[in-house]
Amino acid sequence: MPGVFTAGFFYSQFIYRPAYPEGSLEGQTVLITGANVGLGLEAARHAVRLGASRVIIGVRNVKAGEEAKQDIETSNNRPGVCEVWEVDLSSYSSVLAFGDRISKLPRLDSAILNAGLATQNFELAEGYERTITVNVIGTLLMGLLILPKLKATKAEYPETHPHLTFVVSEVHRLPDFEEWKQDNTLQILSDKDKAQMNIRYPLSKLLEVLVVLELAGRVRGSEVIVNMVNPGLCHSQLGREAGLIFGVMKLIMARSTEVGSRTLLAGILTGLESHGSYMSDGLVENTGLSTFVRSSDGVKARTKVWNEVTAILEGVRPGILQNI
Ligand SMILES: NC(=O)c1ccc[n+]([C@@H]2O[C@H](COP(=O)([O-])OP(=O)(O)OC[C@H]3O[C@@H](n4cnc5c(N)ncnc54)[C@H](OP(=O)(O)O)[C@@H]3O)[C@@H](O)[C@H]2O)c1
């Protein structure tokens, strides 16, 4: 995997430690998806420690979410701060219901869209291969649904800096993405006979990087800071379905979930300079984006993928692009 195994990668995995999150989230409402385990759980623990008034844990398994809430609140000695809200990113109706619930909040200061899936098993969800549905389509749907509440928070509390942070990965550098040149790219990727599931997770993260860049280009950073974070290779439940090689790599090189989760907090604690940026090790590092993403073909692919995903989302919630 030459695109990932660079000197910088080994330095990050074995030597560098992202800064421990400091600062205050006092009075703020923070949403973190996929916070029942892994990086999301540890990020929610940090958010509670930093004084957030309300931390919403978006999970598909409410029982696991309640256990996480208990664990986070006990470890911080702050009962009643976390709320467990159900959402399944593989179901449009579930994400729509979640978005409607968010719209009723008095404020939303930051959202870390962390929930994600790595699997080698081909399945469809909402007509598209499940990894693409969860990591790309469902995640962008959620981002677009919660944008109005983030913007409204900025309007009502001008001293705040709402953030919309997407959790991506350096493995976006791995796949060749020739499918972008064809019509109906997402449909091609959802053809069971053609899908290369061994490289599907990295490809989903590449697609996520592309749509986040496009989204950030359309949102005013002075209203909502849109950025993306790469946590590095970390211990977590990710890869339960991803196969032996991933498991062995993690065993040798992974950071602890707590250390990785610091990079998620960095996403929402950073300033305007991170708008539209890729962050690694908690720092803005746009050179970490792949050569393809930064190339003129990458820019064309970005528009292509954005147009396809948003066409789907306009079908799901007509007029959703007006949320931007
Ligand atoms: N760990 C790493 O090395 C690494 C590296 C780079 C990037 N990342 C990214 O970090 C993020 C968090 O991953 P993690 O490593 O913490 O993995 P994890 O322990 O597997 O956590 C993933 C979370 O996403 C949730 N999720 C999966 N499918 C979902 C769905 N359809 N609807 C709602 N929630 C769903 C999981 O819920 P369940 O518990 O119910 O399955 C879980 O809470 C992901 O976006 C991943 O791509 C991880």
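The values are calculated or read from the model by the stated rules, or taken from the named source; none is laboratory data. What you are looking at is a predicted structure, and each value in this text was computed from that prediction instead of being measured. Every residue, glycine among them, receives a Cβ derived from its backbone with ideal geometry; neighbour counts consider all protein chains shown.
Residues in segment 98-113 that are away from the ligand (no atom under 13 Å from the Cβ), part of a helix (DSSP H, G or I) and of a type outside the set (Asp, Glu): Gly99, Arg101, Ile102, Ser103. Of the residues in segment 213-225, at least one is farther than 25 Å from Pro158 by Cβ and not β-branched (Val, Ile, Thr). Give the residues of segment 66-97 that are of a type in the set (Gly, Ala, Ser) and either away from the ligand (no atom under 11 Å from the Cβ) or farther than 20 Å from Ile268 by Cβ (or both), sorted by residue number. Result: Ser75, Gly80, Ser90, Ser91, Ser93, Ser94, Ala97. On inspection, Gly276 qualifies as part of a loop (DSSP other than H, G, I, E, B), under 16 Å from the mean Cα position of the chain (by Cα), surrounded by fewer than 23 Cβ atoms within 10 Å (Cβ to Cβ) and not polar (S, T, N, Q).
Can you find a residue in segment 210-219 that is touching an Asp or Glu at 6+ places or on another chain (Cβ under 8 Å) and within 16 Å of the ligand (Cβ to nearest atom)? Among the residues of segment 210-219, not one is touching an Asp or Glu at 6+ places or on another chain (Cβ under 8 Å) and within 16 Å of the ligand (Cβ to nearest atom), which makes the answer no.
Collect the residues in segment 279-293 that are of a type in the set (Ser, Thr, Tyr) and either farther than 25 Å from Asp176 by Cα or under 17 Å from the mean Cα position of the chain (by Cα) (or both), keeping them in residue-number order. Hit for segment 279-293 is Ser280, nothing else. Within the set Glu156, Glu208, Glu223, the sole residue that is of a type in the set (Asp, Glu) and crowded, with 19+ Cβ neighbours inside 10 Å turns out to be Glu208.
Of everything in segment 82-107 that's in contact with a Phe, Trp or Tyr (Cβ under 7 Å, 6 or more places away or on another chain) and more than 21 Å from Arg45 (Cα to Cα), which residue is surrounded by the fewest Cβ atoms within 10 Å (Cβ to Cβ)? Out of the qualifying residues, it is Arg101. Has segment 115-135 got any residue that is over 17 Å from Gly65 (Cα atoms), crowded, with 20+ Cβ neighbours inside 10 Å, among the β-branched types (Val, Ile, Thr) and more than 13 Å from the ligand (Cβ to nearest atom)? No, the conditions are met nowhere in segment 115-135.
For beta carbons closer than 6 Å, sequence separation of 6+ or different chains, a first residue in segment 102-122 that is more than 14 Å from Ser90 (Cβ to Cβ) and a second that is of a type in the set (Phe, Trp, Tyr) and assigned to a strand (DSSP E or B), the qualifying pairs are Leu113/Phe166.
Looking at segment 292-300, can you tell me whether even one residue there is under 30 Å from Glu42 (Cα atoms) and either of a type in the set (Asp, Glu) or surrounded by fewer than 16 Cβ atoms within 10 Å (Cβ to Cβ) (or both)? Checking segment 292-300: not a single residue is under 30 Å from Glu42 (Cα atoms) and either of a type in the set (Asp, Glu) or surrounded by fewer than 16 Cβ atoms within 10 Å (Cβ to Cβ) (or both). Scanning segment 164-181 for residues that are over 14 Å from Leu203 (Cβ atoms) and surrounded by fewer than 23 Cβ atoms within 10 Å (Cβ to Cβ) returns a single hit, Lys181.
Does segment 282-292 contain at least one residue that is away from the ligand (no atom under 16 Å from the Cβ), of a type in the set (A, V, I, L, M) and either assigned to a helix (DSSP H, G or I) or modelled with pLDDT under 95 (or both)? No, segment 282-292 contains no residue that is away from the ligand (no atom under 16 Å from the Cβ), of a type in the set (A, V, I, L, M) and either assigned to a helix (DSSP H, G or I) or modelled with pLDDT under 95 (or both).
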